[in-house]
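In what follows, a single structure is set out as structure tokens and then discussed.
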Amino acid sequence: MNEETRSAILAQFEDEPFGKKMGIRLLEVDDGYARVEMYFTPDMENMFGMAHGGAIFSLMDAAFEVASNSHGTMAVALSMNINYLASPAAGAKLIAEAKEINKTRRTAAYGIRATDDREKLLATCQSLVYRLDRPVPFLKKGMGG
């Protein structure tokens with residue numbers, strides 16, 4: 001992965017308001033790959049006291065966003081199909097990892113897994129992006145690919 005692209009993505013992600021609100025941290029990024037984490041806090045509970053599906057989805061979406069834009073080409077989500085498998089314990093660290101499965105000039109497919117800090121599988125997701133014919137807007141002109 002190009003170091004300028006890596007640095008730009010790391011800086012942009014750190015400034016993203018939604019990610020800050022959810023406490024999501026970007027741990028790793030590489031071509032077609034991202035790993036993020038957040039802690040399951042009481043304000044993320046649903047009416048049963050379990051992790052709200054939207055919180056887990058948000059974490060997985062953050063990994064997807066970074067992985068799909070890691071090539072420096074702007075990519076926008078077309079679909080995400082998520083399967084919820086388990087709920088984490090209160091206070092658990094949640095980790096989502098997105099891996100590129102296939103990439104063409106116009107689309108790319110990703111597999112995403114969410115686990116807790118004990119490696120318990122919480123959710124899986126299959127996702128698809130549309131790759132626009134332009135660099136991500138926060139990169140210097142002429143970068144990306």
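Among the residues making up the range 60-84, those that are among the β-branched types (Val, Ile, Thr) and surrounded by fewer than 21 Cβ atoms within 10 Å (Cβ to Cβ) are VAL76, ILE82.
Only one of the numbered conditions (1) within 19 Å of ASN2 (Cα to Cα); (2) touching a residue at least 60 places away in the same chain (Cβ under 8 Å) is violated by ALA67, and that is (2).
Within the range 98-125, the residues that satisfy the criterion of being over 12 Å from the mean Cα position of the chain (by Cα) and in a strand (DSSP E or B) are ILE101, ASN102, LYS103, THR107, ALA108, ALA109, THR115, ASP116, LEU121, LEU122, ALA123, THR124.
Per-residue answers, yes or no, for (1) touching a residue at least 60 places away in the same chain (Cβ under 8 Å); (2) aliphatic (A, V, I, L, M); (3) within 16 Å of VAL136 (Cβ to Cβ); (4) touching a strand residue (DSSP E or B) at 6+ places or on another chain (Cβ under 9 Å):
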{"residue": "ASN2", "(1), (2), (3), (4)": "yes, no, yes, no"}
{"residue": "ILE9", "(1), (2), (3), (4)": "yes, yes, yes, yes"}
{"residue": "LYS20", "(1), (2), (3), (4)": "no, no, no, no"}
{"residue": "GLY23", "(1), (2), (3), (4)": "no, no, no, yes"}
{"residue": "VAL29", "(1), (2), (3), (4)": "no, yes, yes, yes"}
{"residue": "ALA34", "(1), (2), (3), (4)": "yes, yes, yes, yes"}
{"residue": "MET44", "(1), (2), (3), (4)": "no, yes, no, yes"}
{"residue": "MET47", "(1), (2), (3), (4)": "no, yes, no, no"}
{"residue": "HIS52", "(1), (2), (3), (4)": "no, no, no, yes"}
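Taken as a whole, the condition of being open to solvent by less than 10 Å² (accessible area, probe 1.4 Å), among the aromatic types (Phe, Trp, Tyr) and under 15 Å from the mean Cα position of the chain (by Cα) does not apply to PHE57.
The values are calculated or read from the model by the stated rules, or taken from the named source; none is laboratory data. Here the structure is a predicted model, which is why all the values come from computation and not from measurement. Positions of Cβ are backbone-derived with ideal geometry, glycine not excepted, and every protein chain shown enters the neighbour counts. Note: areas computed on protein heavy atoms with side chains; ligands, DNA, RNA excluded. Shrake-Rupley method; radii C 1.70, N 1.55, O 1.52, S 1.80 Å.
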